[in-house]
2 protein chains.
Amino acid sequence: MRYELYYWPEIQGRGEFVRLALEEAEAVYLDVARDKGGTEVMFKLMEDERVKHRPFAPPFLKAGKVVIGQTANILLYLGARHGLAPREEAGRLWVHQLQLTIADFVVEAHDTHHPIASGLYYEDQKKEAKRRTADFLKSRTSKYFGYFEDVLGRSGGKYLAGKRLTYADLSLFQIVAGMRYAFPNAMAKLEKKLPRVVAVHDAVAERPRIAAYLASDNRLPFNEYGIFRHYKELDA
Amino acid sequence: MRYELYYWPEIQGRGEFVRLALEEAEAVYLDVARDKGGTEVMFKLMEDERVKHRPFAPPFLKAGKVVIGQTANILLYLGARHGLAPREEAGRLWVHQLQLTIADFVVEAHDTHHPIASGLYYEDQKKEAKRRTADFLKSRTSKYFGYFEDVLGRSGGKYLAGKRLTYADLSLFQIVAGMRYAFPNAMAKLEKKLPRVVAVHDAVAERPRIAAYLASDNRLPFNEYGIFRHYKELDA
């Protein structure tokens, strides 16, 4: 089966968590808005009266006739199908729990530059962004990454759920990469306390399929339209 | 099996989505911090070195030896066990997708009064809260609730996933109740366009077990410590 991924074509964003899983799984997929030139077909599907399970927002994945929305939910689906999650229930729930915690972090990382409204420009909420980011870098990043460091210390392997890679590790790679782009100064300091997290980042980056993907044009660069944005004034 | 729910004892908060599912399922559970008088035992479990799957934050549910965190993940688990979600995969994923969209809404509802930092008082971010809330009430509430209204129009039954109640319906009830408490003026206006959403709210409230729960002391009142807070100045 060829999957169809629907997501904004110009950014990594939330779609990237899905792309990384598809790449690691060597799944055949069409990145619809990029490969078909635009978001029109994405919006068409979102507004199609015949789609019973209409997604609230991108990304969503078409797998045969099924349309699946919400990043963590897509990964729950892909994880079970492509060996990217444990088979037994407790392990499956645990990896999903980690993913949902990463999802919470992603919202907070996004809201550093958009604390007032996602519909407004950054420039229109810059003052508030400075305040929010200061708290995020002071209190939140160490709390989240410290948690993942602790989970890795207990996991019994080099990955979050033990010896085998799961989709949560791919997502942990992505938030490290994103934070390095957005807040290089703050992240350089923080990483000193995160040897296990950094080791997961490096191990993921070196996996042959991921390494090939990252080196290709398919990996979009970070930019100031996505979740992780670099604004010098915010990276104290 | 007797479940143990761990959550802050003074608020509905995210724990309430779990409580509603446990109540509708007539599950036997201990609301640990309330029944055992305090959060100490909750923090102890969170910091216990022997707990392999340590949760990032409350709520979490102990089911035998398994500890499950993240509200939507707990509901995924309970839904499968207590007939609160479809059995087949596509239906199960769909209900989870709806729950994750409700979870996104909950973050936004919370951040109306805490747009800068959850660690600061409301009074220290009141100005920013006014700006964020204005956008939330203007753009976000109608987008989310309009979406659920549309989903109900396509579901083929009176509930979100069709004729049978799922945990997502219980959560939809809860966000309607929360919005009515926090923003009575804005919500009264909005509800005129949401006959199906209001019908789900009413149907859930009338279910015998939920009605009994809501009438009991076990249902905590809304207050200004939880997600949905009533500040007159924010409800324009």
Residue count for the stretch B:77-97, restricted to those that are assigned to a helix (DSSP H, G or I) and in contact with a strand residue (DSSP E or B) (Cβ under 9 Å, 6 or more places away or on another chain): 9
Flag if B:Gln70 is in contact with a helix residue (DSSP H, G or I) (Cβ under 7 Å, 6 or more places away or on another chain), closer than 24 Å to A:Phe56 by Cα and not assigned by TED's automatic domain parsing to the domain that holds B:Gln12: no
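For (1) of a type in the set (A, V, I, L, M, F, W, C); (2) within 8 Å of chain B (Cβ to nearest Cβ); (3) within 14 Å of the chain's Cα centre (by Cα), each residue gets a yes or a no:
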site	(1), (2), (3)
A:Leu93	yes, yes, no
A:Leu98	yes, no, yes
A:Lys130	no, no, no
A:Ala134	yes, no, no
A:Arg140	no, no, no
Unmet criterion (only one of (1) within 9 Å of chain A (Cβ to nearest Cβ); (2) free of Cβ contacts under 8 Å to residues at least 12 places away in the same chain; (3) farther than 23 Å from A:His53 by Cα) for B:Glu47: (1)
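Regarding the stretch A:168-190, can at least one residue be identified that is part of a loop (DSSP other than H, G, I, E, B), touching a residue at least 12 places away in the same chain (Cβ under 8 Å) and farther than 23 Å from A:Glu128 by Cα? Before the answer, list the steps.
Restricting attention to the stretch A:168-190, the residues satisfying the condition of being part of a loop (DSSP other than H, G, I, E, B) are A:183.
Right, trim to touching a residue at least 12 places away in the same chain (Cβ under 8 Å) and you get A:183.
Subsequent filtering for residues that are farther than 23 Å from A:Glu128 by Cα retains none.
Among the residues of the stretch A:168-190, not one is part of a loop (DSSP other than H, G, I, E, B), touching a residue at least 12 places away in the same chain (Cβ under 8 Å) and farther than 23 Å from A:Glu128 by Cα, which makes the answer no.
Scan the stretch B:56-76 for residues that are in a strand (DSSP E or B), surrounded by fewer than 23 Cβ atoms within 10 Å (Cβ to Cβ) and more than 9 Å from every other protein chain (Cβ to nearest Cβ) and report the count.
Of the residues in that region, 2 qualify.
Can you name the residue in the stretch B:114-128 that is within 7 Å of chain A (Cβ to nearest Cβ) and out of contact with any Lys or Arg (no Cβ under 6 Å at 6 or more places or on another chain) and is also modelled with the lowest pLDDT among such residues? Write out each step before concluding.
Taking the stretch B:114-128 as the starting set, the residues that turn out to be within 7 Å of chain A (Cβ to nearest Cβ) are B:115-117, B:119, B:128.
After this cut, where a residue has to be out of contact with any Lys or Arg (no Cβ under 6 Å at 6 or more places or on another chain) as well, the list is B:117, B:119, B:128.
Numbers: B:Ala117: 97, B:Gly119: 94, B:Glu128: 97.
Only one residue tops the list, namely B:Gly119.
Do any helices (runs of 4 or more DSSP H) entirely within the stretch B:12-55 hold 1 or more residues that are closer than 28 Å to B:Gly83 by Cβ, and if so, which? Break it down stepwise before answering.
On the way: elements: B:15-24, B:32-35, B:40-47.
The qualifying helices (runs of 4 or more DSSP H) are B:15-24, B:32-35.
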Residue list for the stretch B:157-178, restricted to those being among the hydrophobic types (A, V, I, L, M, F, W, C) and more than 30 Å from B:Tyr225 (Cα to Cα): B:Ala161
Which listed residue, of A:Ser216, A:Ser155, is in contact with a strand residue (DSSP E or B) (Cβ under 6 Å, 6 or more places away or on another chain) and at pLDDT 95 or above: A:Ser155
Any hit, the stretch A:162-169, residues being crowded, with 23+ Cβ neighbours inside 10 Å, of a type in the set (Val, Ile, Thr) and facing chain B (nearest Cβ under 10 Å): no
Matching residues in the stretch B:186-219 - criterion: being surrounded by fewer than 19 Cβ atoms within 10 Å (Cβ to Cβ), over 28 Å from B:Ser139 (Cα atoms) and of a type in the set (A, V, I, L, M, F, W, C): B:Ala211, B:Ala212, B:Leu214, B:Ala215
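The values are calculated or read from the model by the stated rules, or taken from the named source; none is laboratory data. All of these numbers come straight from a predicted model, not from anything done at the bench. Because the Cβ atoms are built from the backbone with ideal geometry, glycine has one as well, and the counts that use them run over all protein chains shown.
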